[in-house]
1. Go through segment 56-104 and give me each residue that's within 16 Å of residue 139 (Cα to Cα), assigned to a loop (DSSP other than H, G, I, E, B), open to solvent by less than 50 Å² (accessible area, probe 1.4 Å) and out of contact with any Leu (no Cβ under 7 Å at 6 or more places or on another chain).
2. For segment 105-145: of the residues being over 20 Å from residue 61 (Cβ atoms) and acidic (Asp, Glu), which is most open to solvent (accessible area, probe 1.4 Å)?
3. Could you tell me whether segment 81-103 includes any residue that is without any contact (Cβ under 8 Å) to a residue 40 or more places away in the chain, of a type in the set (A, V, I, L, M, F, W, C) and touching a strand residue (DSSP E or B) at 6+ places or on another chain (Cβ under 7 Å)?
Amino acid sequence: MTPSRLVVADTRAGRDPLRLSPVALPQIQWTPTATAPGATAAPAQWLKLLADDGFTYVIDRPTIVGRRPVDESGNYTPLVLSDVSRSLSRTHAAFVPGDGFILVLDVGSGNGTSIEVGGERVALPAGQFAHAPLGARVRMGSRHFDVVAA
């Protein structure tokens, strides 16, 4: 008989040792007339995300996405995405609309976020916004979303 191993996890104050530490969402000042951080003009064209399951999501305000997204700051609108494979994190990414593009931010997800434009795929580092222009594909975990005109 082999001795059993004791595994101790620190769960004080609600800590989950198997959970990743998310990136804090940036505080943004956004109104429908300011299309992205630092922008001053209203967008000529809102964009939407066409999901691999056929659903479409118009991105017309800062949005936080995931299986059960949470934004304690109140700056982002939560959008729950179905994910039977559980490859999306509870709070996976944030989107901010721009004029002909969507700013994408990985918030420290477990399976990452990438943007594919013209066949070239670039993985996003957590905590940095990246442009997803019209025609791009945003990949989050095993899901993908095409950036199309609204």
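The values are calculated or read from the model by the stated rules, or taken from the named source; none is laboratory data. This is a predicted model, so every value here is computed, not measured. Cβ coordinates were reconstructed from backbone atoms using ideal geometry, including for glycine residues, and neighbour counts include every protein chain displayed. Please note that ligands, DNA and RNA were not included when accessible areas were found on the heavy atoms of the full protein model with its side chains. Shrake-Rupley method; radii C 1.70, N 1.55, O 1.52, S 1.80 Å.
1. Scanning segment 56-104 gives 83, 87, 89, 91, 92.
2. By that ranking, first place goes to 120.
3. Among the residues of segment 81-103, not one is without any contact (Cβ under 8 Å) to a residue 40 or more places away in the chain, of a type in the set (A, V, I, L, M, F, W, C) and touching a strand residue (DSSP E or B) at 6+ places or on another chain (Cβ under 7 Å), which makes the answer no.
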